[in-house]
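Participant: My questions will all concern the structure given below.
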Amino acid sequence: VSPLHFQTRRIVLDSRRKVIYAYFQSIDKFYRTFASNAKSNPQSLQDDKHAAAKDQHGKNDYILTNLQKKCDRDYNKIDNVISSPMSSLLKALPPKAQSYAQLARFDKPIGTILLLWPCLWSTALASGWTIINNIDTTLSPTLFLNVAGDPSLLGLFAAGSFLMRGAGCTINDMWDAKYDKQVSRTVTRPLASGVISYPQATAFLALQLTGGLGVLLSFPQEHLKYCFFLGAASLPLVGVYPLMKRFTNWPQLVLGMTFNWGALMGWAATHGSLDAGNGLSVVLPLYAGGVAWTLVYDTLYAHQDKSDDAKLGLKSTALYFGDNTKPILLGFSSLATTSWMLAGYNLGFVEPYYYVGCGGAGAHLFWQVLTADLDDPKNLAERFKSNSLTGAILFGSCIAGNIGAMY
C-alpha cells in the first residue's frame, strides 16, 4: 500500500485545534467570571461554587465528546476503505491489541477479500476440470457439493488470506516507517508513532507467518510438498513489494503478481500440481487476468496519493500513466476479461454461462474506469472497494460454468 495523502490528518488536526481552543476559552471565561463574582459578592461565593463547577464540567465533557466525534467524522471522510463494523470490533479490543490489529489493517478487510478471490476462482475451476472429466459420475452428491471447489480448501484459503494479508501490511509498515513519520496521515500508524517497536512488530510478523505456515501445512497431505514450495515461492514478492515504489514506475504490477498468487495455489491444492490435467493452460491466463485486474484497481487507488508520492520521490502507475490513465486502464480491463475467458475455454467450458459472467466482471471494470474521478479520493475509494463485487461476479461465473458442465 502506498503512503496516503496529507489531507486527512491535516483536517483532523485543524478540527482538534479549533475545538481545543474553544475548550480552553470556555475554561478561561469560567475562571474570569468566578474571580469577578468572588470580589463583588464574597458571601455567595461558597454557595455558587459547586453549581458553577458542575455546570462547567458538563460543558467541558460536551466539548471534548464533540471533538472526538468531529475528528472521527473528518478522518472517515478521506479514509474511505475503513469498514465501520470491523472498526467497531477493533475498538472493543484492549488498547495494546488494537495497535496490533491496526498494524494488520484489521479495520480494512477489503485487502483480504481481494487476496482471497483468485484462490477461490482457481479452486472452483479445478473442480470444474474434475466435473468435465468424470461424465459418468457428474450428478453424484460429492461433485455437486464441490461445484464451488473443495469446501475445506475454501476455508483454508480464507484463513490464509487473512493472515498473509496482515503479514504483508506488517512488512510494509516496517519498510515504510521512515516515510510514514513524514506524512501527517500515516504518522499515527503503530510503528511510525512508536506505539509498537520494531522488535514487537518483528515478533508479531513471526506470529502471523507461523499462522500462515499452519494453514499451508493443513493442505491435503498428498499435495503438501508441492503446495509448500509453490506457496513459499511467493514470499520474495511479499517481502520486496513495499520497496518497489522506490525503484520502479510499476509497483502495482508487483502487487498484482503477489496478490494473485492464489490463482496458482487453488489448482495445485486440488490436483497436486500445476501440470495435472491441463492446469497450466488454465491457471496462467487466470493469473494474468488477475494481475491486469489489480493494475486497474490499484492504479485508480494510487491516484489518491499521487501528490504525496511525488513529494516523497515515490513512484506509481498513477504518476507514470498520468493523463493517459483511463485509456491504459481500459486496455488492462480488456486484457483481464479476455484472459479470464481464455482460462474457461482451455478448461473446456462449452456452455455460455461462464463467459457471460466474465463479460459482467469486465463490464464492471469498464464502469470503474469510465466513472472514476482521478482527483476525488472518495470516488476512487468507492471504486476500489467495489472490486469485491468484481471478484464475486467471476467466482459466480466459475460456479455457473461448473453447473453447466454437469448437464
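The values are calculated or read from the model by the stated rules, or taken from the named source; none is laboratory data. This is a predicted model, so every value here is computed, not measured. Because the Cβ atoms are built from the backbone with ideal geometry, glycine has one as well, and the counts that use them run over all protein chains shown. Ligands, DNA and RNA are excluded from the accessible area calculation, which covers all protein heavy atoms including side chains. Shrake-Rupley method; radii C 1.70, N 1.55, O 1.52, S 1.80 Å.
Participant: Do you know which residues across the stretch 211-253 are in contact with a helix residue (DSSP H, G or I) (Cβ under 6 Å, 6 or more places away or on another chain), open to solvent by less than 30 Å² (accessible area, probe 1.4 Å) and not in a helix (DSSP H, G or I)?
Facilitator: Across the stretch 211-253, the qualifying residue is only F219.
Participant: Among L274, L314, which is touching a residue at least 60 places away in the same chain (Cβ under 8 Å), outside any helix (DSSP H, G or I) and farther than 23 Å from V369 by Cα?
Facilitator: Result of the check over L274, L314: L314.
Participant: Among the numbered criteria (1) open to solvent by 30 Å² or more (accessible area, probe 1.4 Å); (2) more than 22 Å from the chain's Cα centre (by Cα); (3) of a type in the set (S, T, Y), which one does S397 miss?
Facilitator: With (1) open to solvent by 30 Å² or more (accessible area, probe 1.4 Å); (2) more than 22 Å from the chain's Cα centre (by Cα); (3) of a type in the set (S, T, Y) applied to S397, the lone miss is (1).
Participant: All but one of (1) assigned to a helix (DSSP H, G or I); (2) open to solvent by 10 Å² or more (accessible area, probe 1.4 Å); (3) modelled with pLDDT under 90 hold for D308, so report the exception by its number.
Facilitator: Every condition holds for D308 apart from (2).
Participant: Residue under question is G359, and the condition is that it be without any contact (Cβ under 8 Å) to a residue 12 or more places away in the chain and surrounded by fewer than 20 Cβ atoms within 10 Å (Cβ to Cβ); does it hold?
Facilitator: no
Participant: Given the residues K378, K385, which is the only one that is closer than 15 Å to L114 by Cα and open to solvent by 30 Å² or more (accessible area, probe 1.4 Å)?
Facilitator: K385
Yes or no, residue by residue, for (1) modelled with pLDDT under 85; (2) part of a helix (DSSP H, G or I):
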| position | (1), (2) |
| --- | --- |
| G160 | no, yes |
| D173 | yes, yes |
| S184 | yes, no |
| A201 | no, yes |
| L205 | no, yes |
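Participant: Another question, if that's okay. With respect to I131, determine if the residue is over 25 Å from the mean Cα position of the chain (by Cα), open to solvent by less than 30 Å² (accessible area, probe 1.4 Å) and either modelled with pLDDT of 85 or more or within 25 Å of K245 (Cα to Cα) (or both).
Facilitator: Yes: the conditions hold for I131.
Participant: Separate question: Go over the candidates G331, G344 one by one and state the one that is over 29 Å from D180 (Cα atoms), surrounded by fewer than 16 Cβ atoms within 10 Å (Cβ to Cβ) and of a type outside the set (S, T, Y).
Facilitator: From the options G331, G344, the qualifying one is G331.
Participant: A follow-up question, please. What residue, of P151, P199, P190, is in contact (Cβ under 8 Å) with a residue 60 or more places away in the chain and of a type outside the set (G, A, S)?
Facilitator: Exactly one of P151, P199, P190 is in contact (Cβ under 8 Å) with a residue 60 or more places away in the chain and of a type outside the set (G, A, S), namely P190.
Participant: Just a yes or no: is a residue in the stretch 321-333 touching a residue at least 24 places away in the same chain (Cβ under 8 Å), within 24 Å of L264 (Cβ to Cβ) and in a helix (DSSP H, G or I)?
Facilitator: Yes; the residues of the stretch 321-333 include at least one that is touching a residue at least 24 places away in the same chain (Cβ under 8 Å), within 24 Å of L264 (Cβ to Cβ) and in a helix (DSSP H, G or I).
Participant: One residue is enough: does the stretch 261-284 have a residue meeting the conditions open to solvent by 20 Å² or more (accessible area, probe 1.4 Å) and under 21 Å from L329 (Cα atoms)?
Facilitator: Scanning the stretch 261-284 turns up at least one residue that is open to solvent by 20 Å² or more (accessible area, probe 1.4 Å) and under 21 Å from L329 (Cα atoms).
Participant: Show the residue pairs that are 6+ apart or on different chains and have beta-carbon atoms under 7 Å apart, the first residue being within the stretch 202-220 and at negative phi, the second being among the aromatic types (F, W, Y).
Facilitator: Close Cβ pairs satisfying both conditions: F204/Y100; L216/F228.
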